[in-house]
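A short write-up of the structure that comes next.
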């Protein structure tokens, strides 16, 4: 079950009836809910591994592009590393067309932008498209970094520097924890908050769309 405020109460009720619950979080959980296991994806390591090597020229800024109702965790690394040299810009959706539209408007309005960190690969693909339409060279004129590491059937995806989000591994770990519990033959399920049993980090995917220091 995905860890959300709405699901929390449902999970508590299931635990009361001794129905096994495995929680999955897409960001670092703040609470420990009742169940048999809890796994989560840590967004920060892969993002940090890329952004701490990002070469941002003097006088240039880092724009952080998000879509509606975004998760802040993966964005905190940019703020920690670049401080007031970074700023947030919100696209109208999480799709490539919105990423392209927002990037065009941003770069035409603010030539000081030297790098763009997109909170999703789909936004980054739109940003790459817009840069090429504007005649900008990536990464010579501007660096583009995404997030997700998805298997996307689009040409630009093979070039994108990003951070891989371990969603498949997260699902596999959750099912593994559930099956291990069922195989143990335990009929009583925990009513007390469970510890985190697996934390899966995001990992860097270094390609050609960002100017990075040598690692």
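The values are calculated or read from the model by the stated rules, or taken from the named source; none is laboratory data. Here the structure is a predicted model, which means the values were calculated and not measured. We place every Cβ from the backbone using ideal geometry, glycine too, and count neighbours over all the protein chains shown.
Descriptive notes on the structure:
- Residue ID - farthest from the chain's Cα centre (by Cα), chosen from residues in the stretch 156-209 that are part of a loop (DSSP other than H, G, I, E, B) and within 21 Å of residue 53 (Cα to Cα): 208
- Restricting attention to the stretch 61-87, the residues that are closer than 23 Å to residue 42 by Cβ and surrounded by 15 or more Cβ atoms within 10 Å (Cβ to Cβ) total 15.
- Looking only at residues of the stretch 107-144 that are out of contact with any strand residue (DSSP E or B) (no Cβ under 7 Å at 6 or more places or on another chain) and in contact (Cβ under 8 Å) with a residue 40 or more places away in the chain, we find that the one that is surrounded by the fewest Cβ atoms within 10 Å (Cβ to Cβ) is 140.
- Residue list for the stretch 61-93, restricted to those being without any contact (Cβ under 8 Å) to a residue 40 or more places away in the chain and part of a strand (DSSP E or B): 86, 87, 88, 89, 90
Conditions (1) touching a residue at least 60 places away in the same chain (Cβ under 8 Å); (2) within 12 Å of the chain's Cα centre (by Cα); (3) in the same structural domain as residue 195 (by TED's automatic domain parsing), marked per residue:
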{"position": "16", "(1), (2), (3)": "yes, no, yes"}
{"position": "23", "(1), (2), (3)": "yes, no, yes"}
{"position": "27", "(1), (2), (3)": "no, yes, yes"}
{"position": "30", "(1), (2), (3)": "no, no, yes"}
{"position": "33", "(1), (2), (3)": "yes, no, yes"}
{"position": "36", "(1), (2), (3)": "yes, no, yes"}
{"position": "39", "(1), (2), (3)": "yes, no, yes"}
{"position": "51", "(1), (2), (3)": "yes, no, no"}
{"position": "54", "(1), (2), (3)": "yes, no, no"}
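- Selected residue (only one of 54, 95 is surrounded by fewer than 21 Cβ atoms within 10 Å (Cβ to Cβ), farther than 24 Å from residue 173 by Cα and modelled with pLDDT of 95 or more): 95
- Tally of residues being closer than 17 Å to residue 207 by Cα and over 15 Å from the mean Cα position of the chain (by Cα) across the stretch 99-124: 1
- Scoring residue 191 on the criteria (1) assigned by TED's automatic domain parsing to the domain that holds residue 17; (2) surrounded by 13 or more Cβ atoms within 10 Å (Cβ to Cβ); (3) touching a residue at least 24 places away in the same chain (Cβ under 8 Å) leaves a single failure, condition (2).
- In the set (1) surrounded by 14 or more Cβ atoms within 10 Å (Cβ to Cβ); (2) in a loop (DSSP other than H, G, I, E, B), the condition left unmet by residue 30 is number (1).
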